[in-house]
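Step one of this worksheet: look at the structure below.
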Amino acid sequence: MNTFPKAERLCSRRVIEKLYAEGHRCRVYPYSVQWIDAQSEVACQVMTVAPKRRFRHAVDRNRIKRLTRECYRTRKQPLIDALGSQGRSIAVALVYIGAEMPEYHKLGQRMDKVIATLIEANS
């Protein structure tokens, strides 16, 4: 099911602080991906970040985050299945580190690699 409900959004300050302090990190350009094991009722909680330093206008940051969430939403099922079969849950931060405004189809290709990386790292 291609939905992105509130339960799958990472909102907890405590978990976010722990994610940045202790989380695992890798780069799959144009994303820097950070994840940590979490105690959650869903398999994967995700947050998207677009830095103000690179994109000064809020409309640009919002567009990047919207495209990132859409790419994740349509491609998340293999990750959910892999984590569910192991009985694990993770919290993930997707930080956009590219310098230019992205296109949806290119982000989709990279999101496939991000999800493959997360599956490999958490198996």
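Derivation of every value follows stated rules applied to the coordinates shown; laboratory data play no part. Keep in mind that this is a model prediction, so the values were computed, not measured. Ideal geometry is used to build each Cβ from the backbone, glycine not excepted, and the neighbour counts take in all protein chains shown.
Entry note, region 3-61: relative contact order of 33 percent, from Cα contacts under 8 Å with a spacing of 6+ residues.
For R75, neighbours were defined as the other residues whose beta-carbon sits under 13 Å from its Cβ, and their charges (Lys and Arg +1, Asp and Glu -1) total +2. The residues packed around A38, meaning those with a beta-carbon under 15 Å from its beta-carbon, carry a net charge of 0 if Lys and Arg are +1 and Asp and Glu are -1. The aspartates and glutamates whose alpha-carbon is closer than 17 Å to the alpha-carbon of K18, local same-chain residues fewer than 8 away aside, are D37. Basic side chains Lys and Arg get +1 at the Cβ, acidic Asp and Glu get -1 at the Cβ, and with that the dipole of the chain about its Cα centre reaches some 580 debye. Over all other residues within a Cβ to Cβ distance under 12 Å of R9, the charged ones net out to +3, with Lys and Arg as +1 and Asp and Glu as -1. Ordering V95, V46 from the fewest to the most neighbouring beta carbons within 10 Å gives V95, V46.
By count of other Cβ within 10 Å, fewest leading, how are L118, L10 ordered?
The order, fewest Cβ neighbours first, is L10, L118.
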